[in-house]
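What follows is a single structure, written as structure tokens, with notes after it.
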Amino acid sequence: MAKPKWKRFEDLAAHIQRSLTSGATVEQNVRVDGRRSGVPREIDISVKTRVGQYELFVAIDCKDCKRRIHVKDVETFIGLVKDVGANKGAMISARGFSDAAKNRASDAGVDLHRLVDAEAHDWQSYVTIPVLVEDRSISAFSLGFSGTGPIMIEPQDFRTMPLFRSDGTPIDIVSNLIAEQWNSDRYPQDPGEHEDLALVDGDTFVRTRGTLYKVNVRANILVEQRFYFGQLPLVEVKGLSDEIRGGVTTTGFKTAAINFEEVQRTWQRVSSREELAVEPVMVLGVFSHYPTVVRER
């Protein structure tokens, strides 16, 4: 016979609580004699642990209701916590809590939670975390040419100008060489201007009308930093959200894949981290990778 829905909710809550408090004893449907009422009181989830010479007892109540939990429900639970002598009380709801319930719980020191679980079931959560992406890229570059003797360079698009070795074999075109230096982290990646950067190791030559000229070619790059802010979905997470103070308590999570082209296209562009009203859970540093074109042979 299948378990009723409320029981499966309680089992899931207990499973999550066990994962969060691995050193504690977590039991379900525990009966504790009331100190004031004198009758057995049932606790949905009991958590007991020792801290030094002290034993701590947390009573948790689970509510799988179709509505938010109201202040009257919280006050009833506060009475139960006091009656069984629990050191702490907490309520877990499937639909959250009213503002009055949150205020009353906060005043009494009772924690309020909602289940957070990305698995497919009756209480599946769609969970996202705020993420800031810092993208650094070359926004512009220029070139400097010098030689030990006369050099001849024809007017051309210097981005596609090929450089050669002393034996006349091609090295690559200028834009490819800059891209390779950047992609392999050999160029500075701090925001700002960086000058007099080598394109290759060793001597370089240009070919003009069949003649090779020894030329020292140096690059100057402008590195720009862009910030993108958005909500990144979690595909794996189990935990409890704090309905009073905010945040999620979990043992770990797995994010959805990040498509940086989509980030640049759809996420909010901000000027700095200080501009954000919400503190990001993750900050990702990204360095744009530049493709190279087919090399000249």
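What follows is calculated from the coordinates using simple rules that are stated; it is not laboratory data. In this text the structure is predicted, and so the values were computed from the model without any measurement. Using ideal geometry, Cβ is built from the backbone for each residue, glycine included, and neighbour counts are taken over all protein chains shown.
At a glance:
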quantity: Beta bridge orientation in segment 5-117: antiparallel %, DSSP, nearest 5; calculated: 60 percent
quantity: ALA140 versus ASP122: modelled label distance in nm, points set 7 Å from Cα along the beta carbon direction; calculated: 6.3 nm
quantity: Simple Cβ-charge dipole of segment 1-62, Lys/Arg +1 and Asp/Glu -1, about Cα centre, in debye nearest 20; calculated: 80 debye
quantity: Computed label-point distance, nm, for sites THR208 and LYS66 using a 7 Å Cα→Cβ extension; calculated: 8.5 nm
quantity: Highest-MSF residue in the chain out of PRO233, PRO130, PRO188 [GNM, Cα springs under 10 Å]; calculated: PRO188
quantity: Placed amide H near LEU199: partners under 5 Å, 5+ positions off or other chain; calculated: ALA219
quantity: Efficiency of FRET between VAL270 and GLU27 - r from beta-carbon atoms, R0 45 angstrom, step 0.05; calculated: 0.40
quantity: The chain: calculated mean residue ellipticity at 222 nm from DSSP helix runs of at least 4, using -39500 (n - 2.57); calculated: -6000 deg cm²/dmol
quantity: Residue-by-residue Karplus 3J(HN,Hα) for segment 39-49, coefficients 6.51, -1.76, 1.60, Hz, glycine and proline x; calculated: 10, x, 10, 8, 10, 4, 9, 10, 10, 10, 8
quantity: Rounded Å value of the spacing that divides the Cα centres of segment 241-267 and segment 81-129; calculated: 21 Å
quantity: For segment 202-210, 3J(HN,Hα) per residue [Karplus equation, 6.51 cos²θ - 1.76 cosθ + 1.60, θ = phi - 60°, Hz, x = Gly/Pro]; calculated: x, 6, 10, 9, 10, 10, 10, 6, x
quantity: Calculated from backbone phi, Karplus (6.51, -1.76, 1.60) coupling profile of segment 114-125 in Hz, x at Gly/Pro; calculated: 10, 5, 10, 8, 7, 5, 7, 7, 4, 10, 4, 10
quantity: Qualifying trypsin sites (Lys or Arg not before Pro) for segment 194-240 [loop in DSSP, other Cβ within 10 Å: at most 10]; calculated: ARG209
quantity: Under-5 Å amide H pairs with GLY96, H placed in peptide plane, nonlocal only; calculated: ILE69
quantity: Fraction of antiparallel bridges per DSSP, the chain only, in percent to nearest 5; calculated: 80 percent
quantity: Extension reserve of the ILE258-SER37 stretch, reckoned as 0.36 nm per residue once the Cα distance is removed; calculated: 74.0 nm
quantity: Other-chain or far-sequence residues with amide H under 5 Å of LEU112's (modelled H); calculated: MET91, GLU243, ILE244
quantity: Positive-end extreme of charge dipole, segment 5-117 - chosen from CYS65, ALA13, SER93 (charges on Cβ); calculated: CYS65
quantity: Loop chymotrypsin sites (Phe, Trp or Tyr not before Pro), segment 1-59 (other Cβ atoms within 10 Å of the site Cβ: 14 or fewer; DSSP); calculated: none
quantity: Candidates per trypsin sites (Lys or Arg not before Pro) in segment 39-143, loop by DSSP, up to 13 other Cβ within 10 Å; calculated: LYS66, ARG67, ARG95
quantity: Computed E for VAL278/HIS15 - FRET, C-beta separation, R0 25 angstrom, nearest 0.05; calculated: 0.25
quantity: Which label in (1) 18.8; (2) 22.7; (3) 24.7 gives the computed Kirkwood radius over Cα pairs in Å; calculated: (3)
quantity: Entries in LYS66/LYS88; LYS48/LYS82; LYS5/LYS254; LYS82/LYS238 that, when Cα-Cα distance is taken, lie over 23 Å; calculated: LYS66/LYS88; LYS5/LYS254; LYS82/LYS238
